[in-house]
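Below: the structure, in structure tokens.
The values are calculated or read from the model by the stated rules, or taken from the named source; none is laboratory data. What you see is a predicted model, and the numbers here were worked out from it, not measured in a lab. Here the Cβ positions follow ideal geometry from the backbone for every residue, glycine too, while neighbour counts run over all protein chains shown. Each accessible area value is taken on the protein alone, full model and side chains, heavy atoms only, with ligands, DNA and RNA left out. Shrake-Rupley method; radii C 1.70, N 1.55, O 1.52, S 1.80 Å.
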Amino acid sequence: MTDESLRELASVWLAPVDQVFADLIDKSYRMTAGAFQIEVQNVIDKIPNMFYLLDKRAFETELENEMGQAAIKAIKENL
């Protein structure tokens with residue numbers, strides 16, 4: 001896996017969670033420090049439950065592709 005393909009995968013896989021953080025950054029411009037601190041804590045509290053938001057299919061597909069390529073390479077090397 002190249003650095004570029006890893007970045008592409010991360011972009012797709014993490015997109016739903018990225019939106020949460022993008023919203024947080026947007027709020028940072030519009031909120032008082034105290035209100036923003038509360039909002040940050042709310043996001044921190046939600047992080048363990050954000051796993052279900054991740055695009056697991058994108059990660060799964062890339063992992064399967066990499067495993068397949070590694071298996072083919074191993075077979076070729078042992079012929």
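In deg cm²/dmol, rounded to 500, what helix-only [θ] at 222 nm does the chain give when every DSSP H run of at least 4 residues adds -39500 (n - 2.57) and the total is split over its residues?
The per-residue figure over the chain is -26500 deg cm²/dmol.
Any idea of the accessible area per residue across the chain, 1.4 Å probe, to the nearest Å²?
80 Å²
Ignoring ligands, DNA and RNA, please state the percent of accessible area on the chain from carbon and sulfur, probe 1.4 Å.
The C+S portion of the solvent-accessible surface of the chain is 61 percent.
Working only with C-alpha atoms, what are the Rg and Dmax values of the chain, expressed in angstrom?
Rg and Dmax of the chain, Cα atoms, are 18.8, 66 Å.
Based on Cβ point charges of +1 for Lys and Arg and -1 for Asp and Glu, what charge dipole magnitude is obtained for the chain about its Cα centre, in debye rounded to the nearest 20?
With Lys and Arg at +1 and Asp and Glu at -1, about 140 debye.
What is the extension gain from Met31 to Arg7, computed as 0.36 nm multiplied by their sequence separation minus the C-alpha to C-alpha distance, in nm to one decimal?
5.5 nm
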